[in-house]
Amino acid sequence: MSNKKKLLLAMTSVLTLSLSGCFLEGDDGSQGPAGPAGPAGAVGAPGADGADGQDAPNSLSATLIGRAVLNPSDPEGAAEIVAYQASKGWVYAVNSSADPVVVEILDINSLSPEALTPDAEGVVDNTNVTSAITLDVNTSSGLTGDANSIAFDNNNEVLAVAVAAENTGDRGSVAFYDVSGAQPVFIKNVEVGFLPDSVAFTHDGTKAVVANEGEPAGDYSVDPEGSISIIELTDGVPADDDIELTLEGLDRAALEAQGAVFANPDGRTINGNLYTASVEKDLEPEFVGISEDDTLAFVSIQENNALAIVDLTTNTLSNVIGLGFKDWGSLTLDASDRDSGVNFRSYPGLYGIYMADTVDSYTWNGANFIVTANEGDGREYFFDAADEATCTANGGLDFDEDDGCLAFIDEIRVEDLTLGANFDYVNNDDNDIGRLLVTTFLGADDDSTDGSGTYSELYTYGARSFTIWDTNGLVVFDSGDDMERVTAAIYGPAFNNNNDENEGDTRSDAKGPEPEALTIGKIDGRNYAFVGLERMGGVMAYDITNPYNVEFVGFFNNRGVVEGADITGDLAPEGMSFIEAADSPTGEALLVIGNEISGSVSIWEITVP
């Protein structure tokens, strides 16, 4: 029985007894005057103050403290993917513009930030870091192809370099090096799948996972299958053979129902070869991210708008899921590069194909979450032909003196399409949606794939955002239209700039700022996502500690944007590596960025005010 019920029963009993006791007595007298008030009681001692709540940081500070330019005479492609060796304070960067291919090793233990001098625009174009060691990958490994990716295992001091074969259709390899001593020492090559494009170590260093993209030859005469390789390591020594996970036997219809995309020249004869498509040839794994607990690998399959999930406890393919589409009817974007500036609007019937490039992972409440940079990427392949007549005779679609004979393309401008009546609200011209690049393979009422039908839905490349997903493939958070709106607010008409020239608004028709690079870093116990914008340049930063309560906390950039001026600073962030404060030579968290077009490695010190 509750205390309240006991009290009510007691009061009832008292009331009954009082009535009974006075039943035969006379009436009560009137109430007497109130007595004098008693002395006030002593004031009690004050209670202890409660602890103040701690606000989540809503901003961070980024300071450029280090910068190197690799291969200054031909910098494009000289700095793409970067990695960090904590024990020595060395940064590794692939230099693909050099011949032979090399990995440059930068010593960042004694940086002199004061040596970096900004110009009148506030852009740093000089350097304070040089390469300490140059690793000749081709000579030391005996491999002859280009290096596409690197990764470093800090447990065993091992460097992995993913090297493609020279010829399409030949398998690539991963070259491993022991870097525990003063110089890298070659360990061995491990053959993997076709065109290894990304390599990542598990956090414990017991496995290396490789995304084998398997791109076709320019005329589709050879189109190797995409796959995922797992290389097991024991005390830093890799196994002789990989475990290759193929993508055969997947249900194309089921994947398409989830939003996966399959664009190819199926049934066409190109350069004398009849092309027959298949799911395993069409799927092209792009980038590898590893879960914090090392139980799962997440592999983006960019051009197909899909994601593979690998069970690393059993070394098996767990699932492949389509990522679906983003509705631009409830958000805004600038769709034209010829509308003279910043013009945002919503487009019901227009969808973005996420087409994630870089992928990373972290945990919240014991669950794994996947984070993607949604760059977008179409397919366009050329082969050699002497002239337009030869190109046409060999089944080509178009001839260009610089690129050659166009074998296949899946993109088209909206103004070259017939739109359904639901798009009567737009002007299909250069000042509106007409310039936007979309795919011909989705949205036609008659399911045509060549742009000849009527399109009641439009699907454009990329989502101009980053996204957090759960392992079911459901969207937990998407940054919406932040990236364009933030850069438009900062740069005005110079937003959506290109990465190799200063011409504002020039990428609005094609994926906008183009988020490509991505990494997750922990500062003071909180998780932050850093997203590099390939075209506009710069980095968007978000506090993602709670994936259901994400907050934008900063943007920083080191590039010039003066119209028509020579490009300056750091252009086209391609790869990132986050260094926690405990592993940093400065004692503060660092973000290392490989910038593809400028060939520069930039080092930012990240602090939370």
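The values are calculated or read from the model by the stated rules, or taken from the named source; none is laboratory data. Since the structure is predicted, the reported quantities are computational estimates derived from the model, not experimental observations. Methodologically, a virtual Cβ is constructed for each residue, glycine included, from the backbone with ideal geometry; neighbour enumeration extends over all protein chains shown. Surface accessibility is based on the protein's heavy atoms, side chains included, excluding ligands, DNA and RNA. Shrake-Rupley method; radii C 1.70, N 1.55, O 1.52, S 1.80 Å.
Among the residues of segment 265-277, write down those that are surrounded by fewer than 19 Cβ atoms within 10 Å (Cβ to Cβ) and either in contact (Cβ under 8 Å) with a residue 24 or more places away in the chain or in a strand (DSSP E or B) (or both).
Answer for segment 265-277, where residues must be surrounded by fewer than 19 Cβ atoms within 10 Å (Cβ to Cβ) and either in contact (Cβ under 8 Å) with a residue 24 or more places away in the chain or in a strand (DSSP E or B) (or both): R268, T269, G272, N273, L274.
If the requirement is being part of a helix (DSSP H, G or I) and either under 17 Å from the mean Cα position of the chain (by Cα) or buried (at least 21 other Cβ atoms within 10 Å of the Cβ) (or both), which of these qualifies: M536, M540, M483?
From the options M536, M540, M483, the qualifying one is M483.
When you scan segment 127-143, do you find a residue that is open to solvent by less than 50 Å² (accessible area, probe 1.4 Å), part of a loop (DSSP other than H, G, I, E, B) and among the polar types (S, T, N, Q), even just one?
Yes; the residues of segment 127-143 include at least one that is open to solvent by less than 50 Å² (accessible area, probe 1.4 Å), part of a loop (DSSP other than H, G, I, E, B) and among the polar types (S, T, N, Q).
Among A115, A98, which is crowded, with 16+ Cβ neighbours inside 10 Å, small (G, A, S), under 22 Å from G599 (Cβ atoms) and free of Cβ contacts under 8 Å to residues at least 40 places away in the same chain?
Within the list A115, A98, the selection yields A98.
When you go through (1) of a type in the set (G, A, S); (2) open to solvent by 40 Å² or more (accessible area, probe 1.4 Å); (3) in a loop (DSSP other than H, G, I, E, B) one by one for G214, which number turns out not to apply?
Looking at each condition in turn, G214 falls short on (2).
Out of (1) at pLDDT below 95; (2) in contact with a Leu (Cβ under 8 Å, 6 or more places away or on another chain), what's the single condition that is false for N431?
In the conditions (1) at pLDDT below 95; (2) in contact with a Leu (Cβ under 8 Å, 6 or more places away or on another chain), N431 misses (2) alone.
Which one is surrounded by the most Cβ atoms within 10 Å (Cβ to Cβ) among residues in segment 284-331 that are among the aromatic types (F, W, Y) and over 18 Å from S361 (Cβ atoms)?
The residue in question is W328.
Cβ-Cβ under 6 Å, sequence separation 6+ or interchain: first residue in segment 318-329 and small (G, A, S), partner buried (at least 24 other Cβ atoms within 10 Å of the Cβ). Which pairs?
G322/A260; G322/A306
Please go through segment 443-466 and pick out each residue that is outside any strand (DSSP E or B) and open to solvent by 40 Å² or more (accessible area, probe 1.4 Å).
D445, D446, D447, T449, D450, S452, E457
Quick one: is G504 part of a strand (DSSP E or B) and open to solvent by less than 30 Å² (accessible area, probe 1.4 Å)?
For G504, the condition - part of a strand (DSSP E or B) and open to solvent by less than 30 Å² (accessible area, probe 1.4 Å) - is not met.
Give me the residue from segment 393-411 that is touching a Leu at 6+ places or on another chain (Cβ under 9 Å) and not acidic (D, E) and, out of that set, farthest from F262 (Cα to Cα).
Applying the filter and picking the extreme gives F399.
State which residue is surrounded by the fewest Cβ atoms within 10 Å (Cβ to Cβ) when the search covers only segment 70-89 and only residues that are over 24 Å from the mean Cα position of the chain (by Cα) and either closer than 30 Å to P609 by Cα or among the small types (G, A, S) (or both).
Among them, the one singled out is S73.
How many residues does segment 377-418 hold that are among the aliphatic types (A, V, I, L, M), touching a helix residue (DSSP H, G or I) at 6+ places or on another chain (Cβ under 9 Å) and assigned to a strand (DSSP E or B)?
So the count comes out to 1.
Here is a check on your reading of the model: is V553 in a strand (DSSP E or B), at pLDDT 95 or above and either within 18 Å of N527 (Cα to Cα) or open to solvent by 30 Å² or more (accessible area, probe 1.4 Å) (or both)?
yes
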